[in-house]
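What follows is a single structure, written as structure tokens, with notes after it.
The values are calculated or read from the model by the stated rules, or taken from the named source; none is laboratory data. Keep in mind it's a predicted model, so treat the numbers as computed, not measured. Backbone-built Cβ (ideal geometry, glycine too); neighbour counts: all protein chains shown.
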Amino acid sequence: MDIKSKDPLLTAATVLVVLSQIVMIFGMVMLGIGIGALLTVGRTGLLAEIALSGAPPVAFWLVILAMLTGIVLLGLAWRFLNELRGIIKTVDAGDPFRHDNADRLNRMGWIAIIGQVIVMPVAALALWSAPYLDKVERELHIDGAFDWTTILLALVLFILARVFRHGAAMRADLEGTV
């Protein structure tokens, strides 16, 4: 972890991003362990609870799928933060208007949209499972409604990507005339 900035804001941003990435990795590992446990030692307990709730047996695999989706979403979040970390490094170096930062912003926009698309089936799964969970006194809250702020974030990132690309082109033109 390279945190040698003289700017306290960039140092704080880097620390926050790195800590968040560590949390994402921890979450992915824990979900992976949970899937392994459910496929082995926890299988009978979960199947019994599914039967008790009156849910069809396919619910077992839907739980596994939901956990796998969680791993994918955490991986996307890690990647988003990694792109942000790259931008922070170039800002700290005093050279933010670069084509690779425009590419990073563009990828961040797509990651935001992909994450939103992935969340929607998970929300449908949560909605489907709610009556069964009530029967076994379990509660699940997933807000998977279409999130306009995520779409707005993606639009802002795509626009910033164009701004950065234009800034990099202008800088290249300026360097060519000097």
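A Cβ distance below 7 Å, combined with a sequence gap of six or more or placement on separate chains, defines the contacts here; from segment 44-73, residues that are in contact (Cβ under 8 Å) with a residue 60 or more places away in the chain reach residues that are exposed (fewer than 11 other Cβ atoms within 10 Å of the Cβ) and not polar (S, T, N, Q) in the pairs Ile50/Pro57. Here Asp147 meets the list (1) touching a residue at least 40 places away in the same chain (Cβ under 8 Å); (2) surrounded by 14 or more Cβ atoms within 10 Å (Cβ to Cβ); (3) not hydroxyl-bearing (Ser, Thr, Tyr) almost entirely, failing just condition (1).
Of the numbered criteria (1) within 24 Å of Ala93 (Cα to Cα); (2) buried (at least 18 other Cβ atoms within 10 Å of the Cβ), the one Lys6 fails is (2). Per the listing Asp134, Asp103, Asp95, the residue uniquely at pLDDT 80 or above, among the acidic types (Asp, Glu) and assigned to a helix (DSSP H, G or I) is Asp103.
Taking segment 38-96, which residues are charged (D, E, K, R) and either within 30 Å of Asp7 (Cβ to Cβ) or in contact with a Cys (Cβ under 8 Å, 6 or more places away or on another chain) (or both)? It would help to see each step written out before you state the result.
First pass over segment 38-96, keeping only residues charged (D, E, K, R): 43, 49, 79, 83, 85, 89, 92, 95.
Matches in segment 38-96: Arg79, Glu83, Arg85, Lys89, Asp92, Asp95.
Of the residues Leu73, Leu84, the single one that is at pLDDT 95 or above and either within 12 Å of the chain's Cα centre (by Cα) or not in a helix (DSSP H, G or I) (or both) is Leu73. Is one or more of the residues making up segment 20-39 closer than 25 Å to Leu160 by Cα and either touching a residue at least 40 places away in the same chain (Cβ under 8 Å) or surrounded by 14 or more Cβ atoms within 10 Å (Cβ to Cβ) (or both)? Yes, that holds for at least one residue.
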